[in-house]
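Written out below as structure tokens is the structure these notes cover.
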Amino acid sequence: MTQLWGFSGGIHPPEHKDISTARPVRRAGIPELLVLPLQQHIGDPAEPIVEVGERVLKGQKIADVKTGMGVAVHAPTSGLIEGIIEHPVPHPSGMADWCITLRPDGEDQWCDRNPVTDYRALDRDQVLEIIRNAGISGMGGAGFPTNIKLRPPRDRKVSTLILNGAECEPYITADDMTMREKAEEVVGGLKVMAWILRPERCVIGIEDNKPEAIAAMRKATEGTQTEIAVIPTKYPSGGEKQLIQILTGMEVPSGGIPADIGVMCQNIGTAVAVAQAVFEGTPLISRIVTITGEAVGEPGNFEALIGTPIKYLLEQAGIQQERLSRLVLGGPMMGYTLTTEAVPMIKTTNCIIAATASELPEPPPEQPCIRCGQCAEVCPMELLPQQLFWYSKSTEFEKAEHLNLFDCIECGACSYVCPSSIPLVQYYRFAKGEIRIQRAEQLKADRARERFEARQARLEREREEKEQRRKERARAAADAQAKKEAEAEKAAAEGEAVDERSAKAALVEQALARKKAKTEASQPPATADTAEELPDTETLEKQLHQAQSKLETMQGMLDEAKAQQADNVEKLERAVAKNHDRVKRAEEALAEARDKLATRPTEPQSTQ
């Protein structure tokens, strides 16, 4: 017999579970319109991969998460994509989010599926990819992607795999009916997850108020090493950390996760989804949901398509609008009141309570705390709810966080027993939300500071590199000048040109002289009647002006480059020197032409 431990606190609220267990699970059918939120899980929202007006098949992937943490969304039936719009989604604030709307065509035509007959023949990563592509996330809590949860860090070996069938919250019976009617699929999914994790122990925890489910699961696990642990009924024994403590005697450390102590906990519905994905090739497109409360005429559990509007489900259960007072999504302890029936059912939706005014009356007005201490006595996490309340209300979030505010599982036990009707959990949720906002803002500020510091470091590095290049250029220029001076001294001693520029000019003049001599030799000898060609001083003046203008432009560019310590200083210096030579030659040519005109004999004037 499995040894059991206890946990601190806890309460025994009225169960009200028999309301929805009198009938077997029914199929809800196909509504006129399905609304599929892109954010049905923890992590990044999925991105649509279909277009408006496109026809899709049942089971076809219509949205996916390309990078980051998340799971895909699939078409629950065949039909036309009617829109990608913002629509109210299940959330305590009543917020709207991006959704894909699908208009069913009534044919319910499947896409191609790829069931696996022997998953043991595949690699572990291949099976995890099947689970990811099936869009499976946790179906009993916040919706953590199952494929990521089944891939714990290498340094955290999972020794105990727990299947959570406690379902401790009042009214909810979805897992109870799933175990009764789909016990084989539950065990099949457990076997797949156990093959992936290789734990030493597999155990299914079920509260003792579910005798039919216990019998069904014991029959399904005959011949296996899976344990069926029947635990006492106490809220919140179905909380992950509480169930782990009951079945193992170990406590998850503050701020830690079950994998830190070698334990992993999965939901009953998640196990069924894994089995269907592997053995049938069916993605997560439906789930069992409890429709209960005194305002419905035919309460029970329905297997409904993901994206089915709450209003449609209530109609299937025979809603009596005149009796309806409050509509609660989830259980009465951890659920929240819906503001509209238009919100759709998502992967984590396990219960809808249509309550009358007498069944779930409005809470009385909040009164001052009388310091009775009952909240601390029932807290399953052994926190100090009274101090957390004071700090949360006074916005002293740092003090609340110091008292392990984030260890609160928001079970609502403290609010349930509070004689002053203080909505303690609401204060804790407010404080957590504000702290998360502050953390996000601080993270943004830290990243901005890091970017600024990186930019400053880059600019300083570039400035140092630029200064280093300037120094190298100055050193190279100094070395070149010293070399020129040495060569000039040597040339002067040998009677040669005093510098390289003079030598180049001499070479140019020699080349021009050779060209001139060659040209004169090729021309016929002049006769006495041939008129002497006069020099064109106007053209020479124009050439001189152009050479001077270009020299001024190059000199300006050189001055600017030197001021900015640019890399092309040396190149511009050579260009300026070249243009100096051109101006000099143009001046000499013009002067020579003018001298020639001045020495030309004057022609005698004719007489009449």
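The values are calculated or read from the model by the stated rules, or taken from the named source; none is laboratory data. Not measured: the values here are computed from a predicted model. Using ideal geometry, Cβ is built from the backbone for each residue, glycine included, and neighbour counts are taken over all protein chains shown. These accessible areas exclude ligands, DNA and RNA; they are computed on the full protein's heavy atoms, side chains included. Shrake-Rupley method; radii C 1.70, N 1.55, O 1.52, S 1.80 Å.
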Worksheet, complete the sentence: Counting only residues that are touching a Pro at 6+ places or on another chain (Cβ under 9 Å) and among the hydroxyl-bearing types (Ser, Thr, Tyr), segment 425-446 contains a total of 1
Practice prompt. Within segment 106-133, work out how many residues are more than 15 Å from residue 196 (Cα to Cα) and assigned to a helix (DSSP H, G or I).
Written response: 1
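Any idea which of 544, 507 is modelled with pLDDT under 70, surrounded by 10 or more Cβ atoms within 10 Å (Cβ to Cβ), within 18 Å of residue 588 (Cβ to Cβ) and not basic (Lys, Arg)?
Working: 544 fails: modelled with pLDDT under 70.
On inspection, the qualifying residue turns out to be 507.
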Worksheet, complete the sentence: So, first residue more than 20 Å from residue 128 (Cα to Cα) in segment 275-295, second residue among the aromatic types (Phe, Trp, Tyr), Cβ within less than 9 Å, six or more apart or across chains; the pairs are 288/302; 289/302; 290/171; 290/302; 291/302; 292/171; 293/171
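Going by the structure shown, is residue 439 touching a helix residue (DSSP H, G or I) at 6+ places or on another chain (Cβ under 7 Å) and either at pLDDT below 95 or not in a helix (DSSP H, G or I) (or both)?
On the way: touching a helix residue (DSSP H, G or I) at 6+ places or on another chain (Cβ under 7 Å): no; either at pLDDT below 95 or not in a helix (DSSP H, G or I) (or both): yes.
Here the answer is no, as residue 439 does not meet what is asked.
Residue 42 - would you say it is β-branched (Val, Ile, Thr), within 29 Å of residue 430 (Cβ to Cβ) and surrounded by fewer than 21 Cβ atoms within 10 Å (Cβ to Cβ)? I'd like the intermediate steps shown before the answer.
Details: β-branched (Val, Ile, Thr): yes; within 29 Å of residue 430 (Cβ to Cβ): yes; surrounded by fewer than 21 Cβ atoms within 10 Å (Cβ to Cβ): yes.
Criteria met by residue 42.
If we scan segment 244-255, do we find a residue that is in contact (Cβ under 8 Å) with a residue 60 or more places away in the chain, more than 26 Å from the chain's Cα centre (by Cα) and under 18 Å from residue 124 (Cα atoms)? Lay out the reasoning, then the answer.
So the first thing to find is which residues in segment 244-255 are in contact (Cβ under 8 Å) with a residue 60 or more places away in the chain, and the list is 244-249, 254-255.
Retained after the next criterion (residues that are more than 26 Å from the chain's Cα centre (by Cα)): 244-249, 254.
Now drop any that are not under 18 Å from residue 124 (Cα atoms), which leaves none.
No, there is no match, as no residue in segment 244-255 is in contact (Cβ under 8 Å) with a residue 60 or more places away in the chain, more than 26 Å from the chain's Cα centre (by Cα) and under 18 Å from residue 124 (Cα atoms).
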Discussion item. Looking only at residues that are touching a strand residue (DSSP E or B) at 6+ places or on another chain (Cβ under 7 Å) and among the hydroxyl-bearing types (Ser, Thr, Tyr) in segment 1-39, which one is least open to solvent (accessible area, probe 1.4 Å)?
Written reply: 20
Worksheet entry | Pair list, Cβ < 9 Å and 6+ apart or interchain, from segment 190-216 residues that are basic (Lys, Arg) to residues that are part of a strand (DSSP E or B) | 191/202; 201/160; 201/161; 201/162; 201/227; 210/165; 210/230
Practice prompt. Six or more apart or on different chains, Cβ under 7 Å: which pairs go from a residue in segment 52-73 that's under 13 Å from residue 36 (Cα atoms) to one that's among the acidic types (Asp, Glu) and not in a loop (DSSP other than H, G, I, E, B)? Could you list them?
Written response: 63/47; 64/47; 72/64
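Have a look at 447, 429 and point out the one that is of a type outside the set (A, V, I, L, M), farther than 12 Å from residue 385 by Cα and open to solvent by 90 Å² or more (accessible area, probe 1.4 Å).
Values: 429 fails: open to solvent by 90 Å² or more (accessible area, probe 1.4 Å).
So the residue among 447, 429 that is of a type outside the set (A, V, I, L, M), farther than 12 Å from residue 385 by Cα and open to solvent by 90 Å² or more (accessible area, probe 1.4 Å) is 447.
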Worksheet item: Wholly within segment 330-431, which helices (runs of 4 or more DSSP H) include no fewer than the required count, namely at least 1 residues that are in contact (Cβ under 8 Å) with a residue 40 or more places away in the chain and touching a strand residue (DSSP E or B) at 6+ places or on another chain (Cβ under 8 Å)?
Response: 374-378, 413-417
Response to the item:
Only one of (1) closer than 25 Å to residue 74 by Cα; (2) open to solvent by 10 Å² or more (accessible area, probe 1.4 Å); (3) within 32 Å of the chain's Cα centre (by Cα) does not apply to residue 307, and that is (2)
Discussion item. Looking at segment 463-483, I want the residues that are touching a residue at least 60 places away in the same chain (Cβ under 8 Å) and have a partner that is part of a helix (DSSP H, G or I) and of a type outside the set (D, E, K, R) with Cβ atoms under 9 Å, at least 6 apart or on another chain. Which pairs are those?
Written reply: 473/569; 477/569
Worksheet item: Can you find even one residue in segment 490-498 that is surrounded by 10 or more Cβ atoms within 10 Å (Cβ to Cβ), within 27 Å of residue 594 (Cβ to Cβ), charged (D, E, K, R) and modelled with pLDDT under 90?
Response: no
